[in-house]
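Please read the structure below before turning to the comments.
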Amino acid sequence: MMIKDQAEERRVPPSRPHAITLENRQRAGITGVSDVLSFNEQEVVLVTEGGDITLLGEGLHIARLNLDDGQLVVEGDIVGIEYGAQPQLRRSGGILAKIFR
């Protein structure tokens, strides 16, 4: 029988951090991208390990996308960047989680 250490159960695999670079509201470079959910001329919705990100604007188009490297470049008139909800961190469950199962 193997006994797992509680710290081992709580470990989360290393994530790919994301970064956003906005140049003159015309070009956004984003790293850490794992997927693009949808895009049109008004919005681009993408997924990172830290949650969803939505770019808002007019005349938006994807200039470059490389999911293997996690890189995305969007060009157009960018007027906003919105973060979605952060994904839940995996937890082994404390006493309250065990009570409310």
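Counting residues that are in contact (Cβ under 8 Å) with a residue 40 or more places away in the chain, which strands (runs of 3 or more DSSP E) fully inside the stretch 11-84 reach at least 3? Working first, answer last.
Working: elements: 19-23, 27-31, 33-39, 43-48, 51-66, 71-83.
Hits in the stretch 11-84: 27-31, 71-83.
Given VAL36, VAL12, which one is at pLDDT below 95 and of a type in the set (Val, Ile, Thr)?
Details: VAL36 fails: at pLDDT below 95.
Answer to the check: VAL12.
Can you tell me which residue within the stretch 15-33, out of those that are hydroxyl-bearing (Ser, Thr, Tyr) and under 19 Å from ASP68 (Cβ atoms), is modelled with the highest pLDDT?
Residues of the stretch 15-33 that are hydroxyl-bearing (Ser, Thr, Tyr), as a first pass: 15, 21, 31.
Filter once more, so that each one left must be under 19 Å from ASP68 (Cβ atoms): 15, 31.
Working: SER15: 65, THR31: 95.
By that ranking, first place goes to THR31.
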Tell me yes or no: at least one residue of the stretch 40-52 is farther than 22 Å from PRO17 by Cα, exposed (fewer than 11 other Cβ atoms within 10 Å of the Cβ) and modelled with pLDDT of 75 or more. yes
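The values are calculated or read from the model by the stated rules, or taken from the named source; none is laboratory data. Predicted, not measured: the structure shown is a model, and the values here were computed from it. Glycine gets a Cβ as well: all are built from the backbone with ideal geometry, and neighbour counts include every protein chain shown.
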